[in-house]
1. Please get the size of the charge dipole for the stretch 27-120, origin at its Cα centre, with Cβ charges of +1 on Lys and Arg and -1 on Asp and Glu, quoted in debye to the nearest 20.
2. Of the peptides 105-114, 73-82, how do they stack up when ordered by the mean number of other Cβ atoms within 10 Å, highest first?
3. Using Cβ counts within 10 Å as a stand-in for footprinting exposure, how do Val118, Val50 rank, fewest first?
4. Based on the alpha carbons, how large is the Rg to Rh ratio for the stretch 27-120 when Rh follows Kirkwood?
5. As a footprinting exposure proxy, order Leu31, Leu66, Leu55, Leu102 by other Cβ within 10 Å, with the fewest listed first.
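Computed from the coordinates by the stated procedures, all read-outs in this text should not be read as laboratory data. It should be emphasised that the depicted structure is a prediction, and the values quoted were computed from it without experimental measurement. So basically every Cβ, Gly included, is an ideal-geometry build from the backbone, and we count neighbours across all protein chains shown.
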Amino acid sequence: MKKISLLIFSICLITLLGANFLFSQGVAANLNNVIVYPNPCILSKGHNQVIFSHLTEEVTIKIYNLKGKLITDESITDNTSGMVAWDVTNNSEEKVGSGIYLYLITNLKGEKATGKIVIIR
């Protein structure tokens with residue numbers, strides 16, 4: 001029984017340390033380690049935003065659908081937390097539909113980070 005308790009404690013500690021890594025890094029020096037979560041973002045499970053973390057102080061985030069249409073974009077200057085939340089809406093503040101979306105993050109240094117976000121209603 002002690003082995004199981006120790007294993008559960010270890011898993012919980014690792015999970016907490018991992019969450020601490022995701023949430024408390026502050027402003028990053030570059031865009032090499034951007035994390036986007038939750039991904040997939042499942043709206044029916046209560047996910048109401050997508051978090052971009054490990055960002056530099058000044059970034060522009062653009063989100064496109066698979067046809068290449070710009071869904072939303074935001075420029076952030078003075079990002080002291082290194083994190084930005086997307087409320088899963090388009091530029092008209094309407095919730096986006098289920099699908100795969102592409103993100104492009106750029107900063108003033110000319111660095112880029114790209115990836116996919118899955119939204120499930």
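1. Dipole about the Cα centre, nearest 20: 460 debye.
2. In decreasing order of mean packing, 105-114, 73-82 become 105-114, 73-82.
3. In increasing order of surrounding Cβ atoms, one gets Val118, Val50.
4. 0.95
5. Leu66, Leu102, Leu31, Leu55
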